[in-house]
1. Name the longest site-free stretch of the chain, where the excluded sites are trypsin sites (Lys or Arg not before Pro) in a DSSP loop with no more than 13 other beta-carbon atoms within 10 Å.
2. Please enumerate, by chain and number, the lysines with C-alpha under 16 Å from the C-alpha of Lys68, excluding those fewer than 8 residues away in the same chain.
3. Work out the FRET efficiency for His94 and Asn156 from their Cβ-Cβ distance, taking R0 = 25 Å, and round it to the nearest 0.05.
4. Would you mind working out the magnitude of the charge dipole of the stretch 63-163 relative to its Cα centre, with +1 at each Lys and Arg C-beta and -1 at each Asp and Glu C-beta, to the nearest 20 Debye?
5. Take the chain, compute every pairwise Cα distance, and split them into 5 Å bins from 0; I just need the percent in each bin.
6. May I ask which residue of Ala93, Leu42, Gly19 lies farthest towards the positive end of the charge dipole of the stretch 1-109, with charges of +1 (Lys, Arg) and -1 (Asp, Glu) on Cβ and the Cα centre as origin?
7. Describe numerically, in nm with one decimal, the distance between label points set 7 Å from Cα along Cα→Cβ at Glu231 and at Val250.
8. What FRET efficiency comes out for the pair Ala273/Phe51, r = Cβ-Cβ distance, R0 = 45 Å, nearest 0.05?
Amino acid sequence: MDFDIKEAITIFLKGLFMGSADIVPGVSGGTIALITGIYERLVHAISSINFTFIKPLLKGDFTGFKEKLFEEIDFELFIPLILGIGLAVLTLAHVISYLLEEQTAYTFSFFLGLILASSYILYTQLDEINIKILIVTAIGIVLSYIFVGLNPIAANHSLPVIFISGLIAICAMILPGISGSFLLLLLGQYQYMLGTLNALNFADIITFLLGAVIGILGFSKILNYLLENHESVTMAFLIGIMIGTLRLPVDKISSSLTGSWIICLLLALIGIAIVVLLEKRFKYME
């Protein structure tokens, strides 16, 4: 397998951005995948995994196994992307925990800028804007706004619960605007899983990852079908979901601000600037 080093580094950096977003409640790694131009390739690559390479392996046909494996799995995408996501999650767990607890308003001000700019940029890139698109966007906004206002569920942290949480949360993480971390927060597992990462509790981590793998393999096929056959409507709905999630940072800022509104505004502008620079750097519009 021959890697294009420049492409691999670029994908690795996108993975870093995605992992950084996925660990934050209210921010979606799927959003970062969209604005960096990797989203549709990622969804297609995941949905293409059908495990047909297992059949020649069971027959002892190692040559056929290798051919099918490399034909079915986009290693050039997955290896650097997963490395980037994994590194971001492991290194930022402590940082994000501190910022969310000690600098809540300022942290969510930055996230608000990220989400706001991402929503605008993606909306300008729709093929057309008509009544149907506006209605679908409005539906996404309303559903997301209601979802974000839900109260966290009190739940235990047994392995079956962690498995189901991973299965559900990963479906959200791949959707732009729907934060898998926020869904974990609603399921009562977010703080626990952060502690698990910090403590490297492998039993819980592996259980969560197993649920995530099963969830993403199934859900990605549905999403890939929608993007291939109803792209504009699907994207409009996803953008609406992103806009609706702005309720979370706004609520957090208004309820926890003890410092300056000017700093909040500056941090939001920095978030907007980063998204604009990412969009220009990775040329999503092309």
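The values are calculated or read from the model by the stated rules, or taken from the named source; none is laboratory data. The structure presented is a predicted model; accordingly, all values stated were derived computationally and were not measured. Don't worry about glycine lacking a Cβ; one is built from the backbone with ideal geometry, like all the others, and counts go over all protein chains shown. Each accessible area value is taken on the protein alone, full model and side chains, heavy atoms only, with ligands, DNA and RNA left out. Shrake-Rupley method; radii C 1.70, N 1.55, O 1.52, S 1.80 Å.
1. Longest run free of exposed loop sites: 60-282.
2. Lys68 reaches Lys55, Lys59.
3. The pair His94/Asn156 has a calculated efficiency of 0.50.
4. Rounded to the nearest 20 debye, it is 260 debye.
5. 1, 6, 11, 16, 18, 18, 14, 9, 5, 2, 1, 0, 0, 0
6. Going by the charge dipole, the pick is Leu42.
7. So the two model labels end up 3.1 nm from each other.
8. Efficiency, rounded to the nearest 0.05: 0.55.
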